[in-house]
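Notes to accompany the following structure.
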Amino acid sequence: MDDKILLTIDGRELDAKPGQTILEVAKEAGIYIPTLCYYPGTTNVGACRVCVVEVEGARTLVASCCMPVSPGMVVKTDTERVLDARRLVVELLWASGDHNCLTCESNGNCELQDLVYRLKIEEPRFKIEPPGYEIEDTNSMIQKDMNKCILCGRCVRVCNEIQVNEILDFSMRGSHARVGPAFDADYIDSECYFCGECVDVCPVGALTFKQARFEGRPWDIEKVRTTCTYCGVGCQLDLNVLNGKIVKVTGNSEYGQPNQGSLCVKGRFGMDFVNHPDRLTTPLIRKNGELKEATWDEAYDFISEKFTAIKEKNGADSIAGFSSARCTNEENYLFQKFMRAVIGTNNVDHCARL
Amino acid sequence: MTNSIDEIEFTDLILATGTNTTENHPVIGSKVKRAVRRHGAKLIVIDPREIDLTKYADIWLRQKPGTDVAVINGLMNVIISEGLHAEKYIEERTEGFEALKKVVEKYTPEYVEEISGIPAEDLKTAARMYGSAKSASILYAMGITQHTTGTDNVKSCANLAMLCGNMGIEGGGVNPLRGQNNVQGACDMGALPVVFPAYQQVASDEVRTKFEKAWGVSLSGTPGITVTEVPDAVINGKVKALYVMGENPMLSDPDLSHLEKALKKLDILVVQDIFLNETGELADVVLPSACFAEKDGTFSNTERRVQLIRKAVDAPGDAKPDWQIISELATKMGYVMDYSSTREIMNEINELAPSYAGITYERIEKEGIPWPCPSTDHPGTKYLHKDKFTRGLGLFHAIDYIPPAELPDDEYPLILSTGRVLYHFHTGTMTRRAKGPSERYPESLVEINPADAEKYGIEDGKSIKVATRRGSVEARASVTGRSPEGTIFVNFHFREVAVNLLTNPALDPIGKIPEYKVCAVRIEAA
């Protein structure tokens, strides 16, 4: 079973493992095959057909995302026949939706847009006929515009196969097909847990992060990788930053462990607190019963004098400190060092028990 | 966790007890669900509440709150009597088995049914499932630990895992799922009253000498007091000053009225935080901190993986990272701390904490490393106790069931359990300021079983009063089968419904953790 399979793609002799698809082998070898519905870690469905390639001896073009390699296979990924087929698919997708890049939030971050450009399509041969769905604007996290949906099904598969939240699916048939929660409910009226992974994987502008709309174009946004501040999983995520503000939060499967790109509602939509007007911006000292603004030096002097006096009068063990499960290792290290080395007590603990 | 998060998805069986993981650590919850739906793993859920995971479970044991030791002893009783235990493993790698065997003898499925309400046949089925799995992972969280028998409960989980040879193997283990981003790291760094970083005992002369040399001061060998012991120590006049960094005990700690009395009695209360929270409102000095997005550093996740955080935006106004504040205060008090970056602090940690010795910023730039990592050429440790337990032989603890400290009576006829909901985090200071999560879960709800609702004349969505011996709160009721009959569930995220006014400060004698999952409560329509 461990035998290697030898095949040829675009004239290059490659070896593959049994069970690998043409697309996987090509990707490993750095050979470009466009995809839309393909999403790693989910079932290969071969729905969009933009990944078609020519296989010698095959009756038709084959979807490379679904076709397992076989010994001696000869594959061509960029013949005129292949390119024509891809153009047709992309033109049909373009024509069947409202893909107006001028106003689309995904402009610059759209796989359909990239394909149109790459395949050098000036305009579709078919009449552009958007279905005329109403835009779903009923929650503050996810905006859904089915007029831009290309029915690739990535959102459905990550919802069911990666997050296993089992909320999204296809409904209706043919040109009426659409995706959404059961009974065509809006997100907010469904059981949806708002992990937002459907939005992260949407290749077009059908699902977008509501609060990020009109907050900045993808090319202006800086992505800063960090670790989520909420629970103990330690999800790796990208804070999308523009003008000193977090615009949105996205996952990145390339970061690997521990979350392989997945996030939850808190990590995804729970970052409004960072830029919140209630944030403390200056030290405060209580005077005549009220907390009044003070400088750092005033605050340090106040604490230092009090702590020193109490320590001298009542001993170091009359001072206690609560460190924090919310702060970094470095800060916890310093806090216990402060209590032990500066104050002189082991009265240091944190909220692990609560 | 003894084992890694990734292993959960690919193990043969998962036993989830006292963890509502799909709401509290949703990404781990997804791994459990993937294990079941995509990889054919078996799932046993032991929980009084009908949590979402019960939908994915092969079997759900709905025990009465606080009966965990009895239930686990019952599972072990069946496993031993049916010969499903790992005899060779027990003989070679553990000690104390005979004493355990003797104690669990009386925990027959029928006896356990009397205590826990779990049908004897279900207990047998679950025991056989766990006992015959090739690799089985036990997941638990605060549903196991927040009891006066929390330590016993954890030891019981360890007993069960060792009994079937599930410790020190891929896909096995006893895996506490941590609820806060760096609760693991805060423990690792010695933010505990009895240990220095990397769990080196303060009582050990040798350890103290090492830290005295490194820090250039003499150090106390007297163990300190825990968070939960501080209120009494203040009331008794032993503690006069309290320095709180990044915590909100005035919502998160048990019996808030008592705590408030203590905090008000202090000579000085210093609170360092990102918002003026309920605790800060009582402070004499408040210091503004930078939040996670405004600073560099590391967090250690629940699988011991040390990962970088990176500064993305500037802190507002004069707010500063906590490490700078501590350094400046220490320097002001005559002990110079002149770190120029968090990397420098990590270098010091590398020197003093053996399990972190090899974890440098350079090495964790792309992917975090799980400790123990004793040197810079060590890859880190995916799972603990491989081939040999840290202490040598794995020790079985023979443990008897002890009921919770405060059980229902005529005056307070129901059980109150507290915890979190998906959309909020801890005392709500962050998530309640987030638009989306607050839109999804705008107010605190009291979950109550339909049978109880009928008995006490309570309607779904109507306001009710919830009272214990320590206090009372009002909130709207959510009538739902998620709560078992006789138990109500209230979250602790909302200051308007501060459920910790109600909770029992009774502590586990060793872990000093309060019994948040069981206290006696009375309800009435408000």
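Values in this text are rule-based calculations from the coordinates and carry no lab data. Just so it is clear, the model here is predicted, and its values are computed rather than measured. All Cβ positions, even for glycine, are placed from backbone atoms using ideal geometry, and neighbour counts span all protein chains on display.
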For residue B:94, other-chain or 5+-apart residues with amide H closer than 5 Å (H placed, Pro excluded) are B:394
Say R0 is 45 Å: what FRET efficiency, to the nearest 0.05, do residue A:308 and residue B:407 get from their beta-carbon distance?
0.40
Mean Cβ neighbour count within 10 Å, used as a protection proxy, ranking B:300-313, B:496-509, A:34-47 highest first
B:300-313, B:496-509, A:34-47
Asserting the computed 222 nm helical MRE of the protein assembly as shown (DSSP H runs at least 4 long, -39500 (n - 2.57) per run, divided by residue count, to nearest 500) equals -7500 deg cm²/dmol
Could you line up B:189, B:142 from fewest to most neighbouring Cβ atoms inside 10 Å?
B:142, B:189
Could you grab the relative contact order for the range B:294-410? Cα pairs under 8 Å, six or more apart, rounded to a whole percent.
19
Taking every eigenvalue of the Cα gyration tensor of the range A:134-275, multiplying by 5 and rooting it, what semi-axes result, largest first, whole Å?
25, 17, 14
What is the average number of partner chain Cβ atoms found within 10 Å of a Cβ in B:419-430?
4
Determine the shielding of peptide B:262-270 by partner chains: average, over its residues, the number of Cβ atoms on other chains within 10 angstrom of each Cβ.
3
For the residue pair residue A:127 and residue A:222, what label-to-label distance in nm results when each label sits 7 Å from Cα along the Cα-to-beta-carbon direction?
5.0
Here is the link list: B:64/B:106; B:366/B:386; A:223/A:337; A:223/B:213; A:337/B:264. Which ones come out longer than 31 Å on Cα distance?
A:223/A:337; A:223/B:213
Shielding by partners for B:294-307, please: the mean number of other protein chain Cβ atoms within 10 Å of each residue's Cβ.
6
Residue pairs, from the table A:144/B:320; A:313/B:332; B:33/B:124; B:33/B:455; B:124/B:455; B:42/B:382, whose Cα atoms sit over 30 Å apart:
A:144/B:320; B:33/B:455; B:124/B:455
What share of the DSSP beta bridges in the protein assembly as shown is antiparallel, in percent to the nearest 5?
60
Sort B:36-48, B:157-169 by packing, meaning the average of other beta carbons within 10 Å per residue, with the highest value first.
B:157-169, B:36-48
With x for Gly and Pro, the residue-by-residue ³J(HN,Hα) of the range B:290-307, computed from phi through the Karplus equation 6.51 cos²θ - 1.76 cosθ + 1.60 at θ = phi - 60° and given in whole Hz, is 7, 8, 4, 7, 10, 8, 9, x, 9, 10, 10, 7, 5, 9, 6, 7, 8, 10
For chain B the mean separation of alpha carbon contacts under 8 Å (6+ apart) over residue count, i.e. relative contact order in percent, is 17
Cα centre as origin, Lys/Arg/Asp/Glu Cβ charges: the range B:183-370 dipole, Debye:
280
Would you mind computing, in nm to one decimal, how far apart the modelled labels at residue A:169 and residue B:210 are, each placed 7 Å from Cα along Cα→Cβ?
5.8
Work out from phi, with θ = phi - 60° and the Karplus expression 6.51 cos²θ - 1.76 cosθ + 1.60, the ³J(HN,Hα) of each residue of the range B:328-345, listed in order in whole Hz, and give x for Gly and Pro.
5, 5, 4, 4, 4, 8, x, 10, 6, 10, 10, 5, 9, 7, 5, 4, 5, 5
Rough spin-label spacing in nm, given labels placed 7 Å along Cα→Cβ, for residue B:391 and residue B:435
5.3
Peptides B:315-322, A:5-12: what's the order by average Cβ count within 10 Å, highest mean first?
B:315-322, A:5-12
Expressed as a rounded percentage, what relative contact order does the range B:369-512 have, with Cα pairs under 8 Å and six or more residues apart?
23
Where does each of B:215, B:323 land when they are ranked from fewest to most other beta-carbon atoms within 10 angstrom?
B:215, B:323
Placed amide H near residue B:201: partners under 5 Å, 5+ positions off or other chain
B:196
